[in-house]
Amino acid sequence: MSETETNPEALEAEGVEAEAEATTEDQTEGLETEATEGDEPEAEPEEETEEVEWDGKKYALPKTLKAGLMMQADYTRKTQEVAEQRKALGARYAEIEQQAELQRATLTERVQLETLTGQLQQFQSLDWDQFESQYGASAVAKAMAQWRGLESKVGQLTSEITEKETAIRLQKDQAAEAALQEADKILSREVQGYGPALVQQVAQVAVAYGITPDEIKASFISDDGEPDIRTFKVLSELATLRAKVAEYESKQIKTDQVRKIAKVQPAPTVSPKGGQYRAGLDDSLPADEWVRRRNAQVAKARAR
């Protein structure tokens, strides 16, 4: 018979130990369960979307972005409206300034015309029958002669004002044409490649940025009537830069096409001096010929 079976104290110690182990296992399992449940991430709710039309196309965007997008669209629209209003106000201001200049130049004649017109209105509103009965026929004849004289002076002053305004406009047009010619000479000296082709490129760039041909023409003349080429020089540099970018993009497209052809086309051996094209690689070669020669060069280099 073993000691455990015969010793009551040993039996009691063994029971206590077994109970402690069971309690420890239960606590461990509970902690593991709590840890697992706590570590499991909660699923984030999907953000609601809404269909928005932008630049003629429809997109499904989160509702949180719609307000910002609409705000940007509204800002863009208002900016364009302000630009149009500013342009219209600028044209109106130029018209008012020109009219004010003409009135200042003909101020003396206009004052005289206003005075004579007032006197002429007095004759036009006169009761001639009453005037004759009061002053006699001779007074009527004299007054009518004055009336005709006033009408003649009013007509003469009106004609003088019109002629003077026409002369001022013609003088301004001639001065503007002279300034344009001088600007053309300066541009010929200072801008490389200046000519009709560059002018056409500049016009295209200007239109792309909302600058009208009339505004370009006006930019050649400063406020004091002197030639001004600053705007054209800036636009010409921009046009040249855009042309270089377009040329680079064209070459890049051609290079991509060559690479695509090289992936699917075998590399035959070609004599450098054979064929109808010049020897060596050249950008003027067709894409397939360029690829064949390039592949031949690579094959030759690998064979060494």
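Here, each number is a calculation from the coordinates, and none is a lab measurement. Predicted, not measured: the structure shown is a model, and the values here were computed from it.
Here is how the numbers come out for the structure above:
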| read-out | value |
| --- | --- |
| Linear extension gain, Glu249 paired with Gln174, 0.36 nm per residue minus alpha-carbon span | 22.5 nm |
| Relative contact order (%) - the range 107-190, alpha-carbon pairs under 8 angstrom, separation at least six | 41 |
| Quotient of C-alpha Rg and 2.2 N^0.38 Å, computed over the range 81-208 | 1.90 |
| Too-long pairs where the Cα-Cα distance tops 26 Å, listed order kept, from Lys57/Lys260; Lys58/Lys78; Lys164/Lys233; Lys58/Lys244; Lys185/Lys217 | Lys57/Lys260; Lys164/Lys233; Lys58/Lys244 |
| Cα-Cα pairs of the range 192-250 separated by more than 19 Å (percent) | 30 |
